[in-house]
Amino acid sequence: MRSYMRGVLAISLLFVILTVAGCSGLSSLPPIPPTSEADYVLGPGDQVRVITFGDEQLTGEFRVKDDGDISLPLLGPIKAAGRNPTQLQNEISSALVSRNLYKNPSVSVEVTAYRPVFVLGEVTRPGQYPYQPGMTVETAVAVAGGFTYRAVEDAFAITRNVQGKVIKGRGEPQTKVRPGDVINVYERSF
């Protein structure tokens, strides 16, 4: 009987240790820094529409390549990654002026397709999903089919690239996600 009680105590202690260890990974993460739509910078995989008033050759949709460039007719490669749409618009305008193609060009840039978000862990259909402006962790999980019965539903790990540096932080259901974010839904310890 005594060895049975030791065994039960050992298993109970192991369960408590594993439960605390499982939860501590998420609770030890700092909160993911908030971002706004204005903070958005382009990256590989984004698709942009460039409109150059009065020039059909310089108007069209262009995908940001793995090296961070878009290739425009007459201008060649232009660095897009790491810039917001307004900065890219100004860069294209400057390139048109510096190459004596226009004196005062009117250029606009808008994002037509964003990089996907990735939802991993305890969701019905883990995978890659299209980003939509205003998307939260909760809506990303909904797109991934919702939580499994084992999911932690109130805290998540989010991996994000911020100015070329990969950070990992804790998010809540209403935390805004960004294109390229990886959301990890952990398993509950019960």
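Is it true that some residue in the stretch 131-142 is of a type in the set (D, E, K, R), closer than 19 Å to Val41 by Cα and not in a loop (DSSP other than H, G, I, E, B)? No, the stretch 131-142 contains no residue that is of a type in the set (D, E, K, R), closer than 19 Å to Val41 by Cα and not in a loop (DSSP other than H, G, I, E, B). So, Lys103, is that one surrounded by fewer than 19 Cβ atoms within 10 Å (Cβ to Cβ), without any contact (Cβ under 8 Å) to a residue 12 or more places away in the chain and in a loop (DSSP other than H, G, I, E, B) or not? The answer is yes for Lys103. When we screen Gly22, Gly7 for residues that are surrounded by 14 or more Cβ atoms within 10 Å (Cβ to Cβ), modelled with pLDDT under 85, in the same structural domain as Val152 (by TED's automatic domain parsing) and not hydrophobic (A, V, I, L, M, F, W, C), the only hit is Gly22. Within the stretch 36-54, residues that are surrounded by 16 or more Cβ atoms within 10 Å (Cβ to Cβ) reach partners that are of a type in the set (D, E, K, R) and assigned to a loop (DSSP other than H, G, I, E, B) with beta carbons closer than 7 Å, at six or more positions or on different chains, in the pairs Val41/Arg83; Leu42/Arg83; Gly43/Arg115; Gly45/Arg115; Asp46/Arg115.
Take the conditions touching a Lys or Arg at 6+ places or on another chain (Cβ under 9 Å) and at pLDDT 95 or above and apply them to Thr159. Does it pass? Before you say what the answer is, go through the steps one by one.
Details: touching a Lys or Arg at 6+ places or on another chain (Cβ under 9 Å): yes; at pLDDT 95 or above: yes.
In short, yes.
Candidates are the residues of the stretch 180-190 that are part of a loop (DSSP other than H, G, I, E, B) and within 13 Å of the chain's Cα centre (by Cα); the one that is surrounded by the fewest Cβ atoms within 10 Å (Cβ to Cβ) is Gly180.
Before we move on, is Leu42 in a loop (DSSP other than H, G, I, E, B), under 27 Å from Ile167 (Cβ atoms) and not acidic (Asp, Glu)?
Working: in a loop (DSSP other than H, G, I, E, B): yes; under 27 Å from Ile167 (Cβ atoms): yes; not acidic (Asp, Glu): yes.
The answer is yes for Leu42.
Within the stretch 122-155, if we keep just the residues that are buried (at least 20 other Cβ atoms within 10 Å of the Cβ) and small (Gly, Ala, Ser), the residue that is nearest to Val177 (Cα to Cα) turns out to be Ala140.
Do we have any residue at all in the stretch 156-179 that's touching a Ser or Thr at 6+ places or on another chain (Cβ under 7 Å), under 26 Å from Ala81 (Cβ atoms), crowded, with 19+ Cβ neighbours inside 10 Å and not β-branched (Val, Ile, Thr)? The answer is yes, given that some residue of the stretch 156-179 is touching a Ser or Thr at 6+ places or on another chain (Cβ under 7 Å), under 26 Å from Ala81 (Cβ atoms), crowded, with 19+ Cβ neighbours inside 10 Å and not β-branched (Val, Ile, Thr).
Candidates in the stretch 90-147 are the residues that are over 18 Å from the mean Cα position of the chain (by Cα) and among the hydroxyl-bearing types (Ser, Thr, Tyr); of these, the one that is modelled with the lowest pLDDT is Tyr102.
Hey, among the residues in the stretch 55-75 that are modelled with pLDDT under 90 and crowded, with 16+ Cβ neighbours inside 10 Å, which one's farthest from the chain's Cα centre (by Cα)? Going through the qualifying residues, I end up with Asp55. Take the stretch 100-130 and flag every residue that is farther than 20 Å from Tyr40 by Cα and in the same structural domain as Arg63 (by TED's automatic domain parsing). Matches in the stretch 100-130: Asn100, Leu101, Tyr102, Lys103, Asn104, Pro105, Ser106. In the stretch 141-158, the count of residues that are outside the structural domain of Leu26 (by TED's automatic domain parsing) and aromatic (Phe, Trp, Tyr) is zero.
The values are calculated or read from the model by the stated rules, or taken from the named source; none is laboratory data. As the structure is a prediction and not an experimental result, all values here were calculated from the model. Note that we place each Cβ from the backbone using ideal geometry, even for glycine, and neighbour counts take in every protein chain shown.
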